[in-house]
Structure formats: C-alpha cells, structure tokens
1. Enumerate the pairs (first residue in region 87-106 and in contact (Cβ under 8 Å) with a residue 40 or more places away in the chain; second residue anywhere and of a type in the set (Asp, Glu) and outside any strand (DSSP E or B)) with beta-carbon separation below 9 Å, excluding pairs fewer than 6 apart on the same chain, so at least 6 apart or on different chains.
2. Condition first: in a loop (DSSP other than H, G, I, E, B) and within 19 Å of Ser16 (Cβ to Cβ). Now tell me which residues in region 73-92 satisfy that.
3. I want to confirm something. Restricting to region 1-23 and keeping residues that are in contact with a strand residue (DSSP E or B) (Cβ under 9 Å, 6 or more places away or on another chain) and either surrounded by fewer than 16 Cβ atoms within 10 Å (Cβ to Cβ) or of a type in the set (D, E, K, R) (or both), which single residue is nearest to Gln196 (Cα to Cα)?
4. Being part of a loop (DSSP other than H, G, I, E, B), in contact (Cβ under 8 Å) with a residue 40 or more places away in the chain and not basic (Lys, Arg) is the filter here; which residues of region 133-147 pass it?
5. Does at least one position in region 135-144 carry a residue that is loosely packed, with under 15 Cβ neighbours inside 10 Å, closer than 29 Å to Ile81 by Cα and not charged (D, E, K, R)?
6. So which residues in region 61-72 are crowded, with 17+ Cβ neighbours inside 10 Å, out of contact with any Gly (no Cβ under 7 Å at 6 or more places or on another chain) and of a type outside the set (Gly, Ala, Ser), if there are any at all?
7. Counting only residues that are touching a helix residue (DSSP H, G or I) at 6+ places or on another chain (Cβ under 7 Å) and crowded, with 16+ Cβ neighbours inside 10 Å, how many does region 189-219 have?
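The values are calculated or read from the model by the stated rules, or taken from the named source; none is laboratory data. As the structure is a prediction and not an experimental result, all values here were calculated from the model. Using ideal geometry, Cβ is built from the backbone for each residue, glycine included, and neighbour counts are taken over all protein chains shown.
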Amino acid sequence: MMKMEGKTALVSGGASGLGEATVRHLAAREAQVLIMDLDDERGSAIAAELGPSVAFWQTDITSTADVTAALDFARQRFPRIDIVVNCAGIAPGAKLASKKGPHDLDLFKRTLEVNVVGPFNVMRLAAVQMVANELNDEEGRGVIINTASIAAFDGQVGQAAYAASKAALVGLTLPVARDLANEGIRICTIAPGLYQTPMMAGLAEPVREALGKMVPFPSRLGKPEEFALLVQQIIENPMLNGETIRLDGALRLAPK
C-alpha cells in the first residue's frame, strides 16, 4: 500500500477547483505537493498558505519545456516523484454545425491539445522519473490519476470537443496501465459528474440548485473534497489500476 506521508505529488491545474482540493487534501496528509498551473498569483498564494511542503511552478502542460522544468524543480525541492494527478483542462461549448456555421476547427484542436496532449505530456515525462524510484511494499513505484468527465460517456449538446477529449483520456487508461505494469506504476482515471467548481460558481444559485437536483443521490453538486478523497483511495489501494471510475452520484446526463 502506498501511503501519502512523505510522498511527492504533482497536481496539474492545482490552483483551482478539483485540483486545488486535491492539493489541500494531500498536503493535509503529509504529502509534498507541487502545484502546476498557469495562474501564478493563485498558485503562489496557495503554496504560501500551505507551507514548505507545497510549492508552485507556473506550467503550461502542453509545453515539454515547461513540464520538464517543473519536474526538475520538483526533484530539486523534494526527493522523488511518486504521484501525478492531472486536473488541468478547458470546457468550451460549441455545436458541430448551426446557422452560425461549422464548429471552429481551431477550438476543437485547442481542446484536444489542453485536455489530452497536456495530460499525456505530463504522464510521459513524470513516468520516466518514477521508473527510477525504489519499490514500495507492493512492488510499486508510482501512481498516475487523470481527470476525465461523465461527458466522456454522456456528452451533451455543444460538448463535442470536450466529450471527445475526455473520452480520449478514458481510452488512454488501460493501454497506459499495461505499458507501465512492468515498471510498477499504476494509472486510473476519475470521471466526475457535476461539482462545485469555479465554472459552476459563475452560474446563478437557482441554476446550480436545479443542476444538483438532477443527481439521483445525493441530490446536490459534488464537493471538490469528495473528488480528492477518491484520489487518496486510488493512491492507497494497490488493486486500483487501469480503470475509469465515475464519481457522479449515479447521474446520467440528458442530451441538454
């Protein structure tokens, strides 16, 4: 079993939403955490608040140079890299075609770049570092966790780009688990439903309440801390590997 105490975790998108909740949860359990995010002000503030066990590196996860620099910084600041949690992503909305015209192709490409290429870039570079780790009690060397969405399975109107990107993360999970099995590195993907994130905070309270009531049980928006709790459970349970886990209160999205 991989315990979090003394381990080092990289969290992309760690300056807000599900990523921030994950950073706080891991830090509270004595893990060392590197926040990787574009938001320098917010990321630096969280690191300063949480103390010396948490650091920040401004990172564009689609950039090999940025991710390499973040990994180098993490290795200098902390002894090794044990955990990667990819939470960074974007969620544009656009229909494939309408009276306004076709879906913007550059928007589609950008969504795949951030939501698929970015996490893949972090995974491939961090996994090389993990391979050098000493084996733990379960003969493991590291854990990778990606964040998809239930839109990967129940994509709604206007979510073609977003759903495709999240479905790609789901599709990556098993082959990457097989790629890394001999190295003792596990990977799982979490597919959250509707959560109290900054994106939701921009909606009116009646709208948020209506969305929460769509969830069978518990009939509310998910709490970011509940996402972070599943991150902990994946890290600590050695049999969780190669799987995508829906975390959605049994919600199945309607077309719109």
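1. Within 9 Å, the pairs are Cys87/Glu20; Pro92/Asp104; Ala94/Asp104.
2. Correct list: Cys87, Ala88, Gly89, Ile90, Ala91, Pro92.
3. Filtering first and then ranking leaves Glu20.
4. We begin by selecting, within region 133-147, every residue part of a loop (DSSP other than H, G, I, E, B); these are 133-141.
Keeping just the survivors that are in contact (Cβ under 8 Å) with a residue 40 or more places away in the chain gives 133, 135-141.
Asn133, Leu135, Asn136, Asp137, Glu138, Glu139, Gly140 - these are the residues of region 133-147 that are part of a loop (DSSP other than H, G, I, E, B), in contact (Cβ under 8 Å) with a residue 40 or more places away in the chain and not basic (Lys, Arg).
5. Of all residues in region 135-144, those loosely packed, with under 15 Cβ neighbours inside 10 Å come to 135, 137-139.
Narrowing the set further to residues that are closer than 29 Å to Ile81 by Cα leaves 135, 137-139.
Next, from what is left, pick out any that are not charged (D, E, K, R): 135.
Scanning region 135-144, I find at least one residue that is loosely packed, with under 15 Cβ neighbours inside 10 Å, closer than 29 Å to Ile81 by Cα and not charged (D, E, K, R), so the answer is yes.
6. Once the filter is applied, which keeps residues that are crowded, with 17+ Cβ neighbours inside 10 Å, out of contact with any Gly (no Cβ under 7 Å at 6 or more places or on another chain) and of a type outside the set (Gly, Ala, Ser), region 61-72 yields Asp66, Val67, Leu71.
7. Going residue by residue through region 189-219, those that are touching a helix residue (DSSP H, G or I) at 6+ places or on another chain (Cβ under 7 Å) are 189-192, 194-198, 200, 208, 219.
Filter once more, so that each one left must be crowded, with 16+ Cβ neighbours inside 10 Å: 189-192, 194-197, 200, 208.
Selection size over region 189-219: 10.
Table: residues versus (1) of a type in the set (A, V, I, L, M); (2) at pLDDT 95 or above; (3) within 18 Å of the chain's Cα centre (by Cα).
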{"position": "Ser149", "(1), (2), (3)": "no, yes, yes"}
{"position": "Ala161", "(1), (2), (3)": "yes, yes, yes"}
{"position": "Ala168", "(1), (2), (3)": "yes, yes, yes"}
{"position": "Thr173", "(1), (2), (3)": "no, yes, yes"}
{"position": "Ala181", "(1), (2), (3)": "yes, yes, no"}
{"position": "Ile187", "(1), (2), (3)": "yes, yes, yes"}
{"position": "Ile190", "(1), (2), (3)": "yes, yes, yes"}
{"position": "Met199", "(1), (2), (3)": "yes, no, yes"}
{"position": "Gly202", "(1), (2), (3)": "no, no, no"}
